Every structure is written in C-alpha cells, then in structure tokens.
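Below is one structure; the comments refer to it alone.
The values are calculated or read from the model by the stated rules, or taken from the named source; none is laboratory data. What you are looking at is a predicted structure, and each value in this text was computed from that prediction instead of being measured. So basically every Cβ, Gly included, is an ideal-geometry build from the backbone, and we count neighbours across all protein chains shown.
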Amino acid sequence: MEMTSLNVSLPKVLKEYVEGQATADGYSTPSEYIRELIRDDRKRQAKEKLEAALLQGLNSGPAKEITPAQWAQKRSSLRQRHKPARITG
C-alpha cells in the first residue's frame, strides 16, 4: 500500500495522549495508533450502515414466504448481474 502524509495539529495534551496510548497499546509509532483508530471508525460506520439496512428491512412490512424455485431464480439473477465481464480481443 502506498503511504502518504497528513499533518495534523494537536494541542500538547492531545499529542501527549496519543503518544502515551500508542506506547501503552504496543504500537511502534503514533501513526500506527492513528491508522488503527481510523480503521476502527470505518468498521463502525459500515456496521451502522448494515444495521440501518437491516432495520429498514424489518420495518418494510410483513415477511413473505419464498419457495425454493423463487430462491433459485433469485440466485440465477444475481449471478448474471455480477458475472465478471469477459474481455475479448
């Protein structure tokens, strides 16, 4: 993964906190600690998005029974829609 820099200005107390947490949690640099915080935030946001979608589904109305034939048709449709494009040439 290509790395790039982002400079962030922090008050002294926050800088000391980040450095202390990085050391206490076993990170070799404060940058590693910050990267992990960002990764955790991305996971949290993805989880919130999934939970919102699940709630939307639960609140969308009563459940409907689906037959095995309907499931087979749905799987076939999804496979066709997500089939990798063939490159000819």
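Checking Asp40 against (1) of a type outside the set (A, V, I, L, M, F, W, C); (2) within 23 Å of the chain's Cα centre (by Cα); (3) loosely packed, with under 10 Cβ neighbours inside 10 Å, which test does it fail?
The failed condition is (3).
Quickly run through the stretch 76-89 and pick out the residues that are surrounded by fewer than 10 Cβ atoms within 10 Å (Cβ to Cβ) and either assigned to a helix (DSSP H, G or I) or at pLDDT 90 or above (or both).
Within the stretch 76-89, Arg79, Gln80, Arg81 meet the criteria.
Taking the stretch 14-37 on its own, how many of its residues are on the phi < 0 side of the Ramachandran plot and either loosely packed, with under 10 Cβ neighbours inside 10 Å or acidic (Asp, Glu) (or both)?
Qualifying residue count, the stretch 14-37: 7.
How many of the residues making up the stretch 58-74 are under 28 Å from the mean Cα position of the chain (by Cα), loosely packed, with under 10 Cβ neighbours inside 10 Å and not in a loop (DSSP other than H, G, I, E, B)?
1
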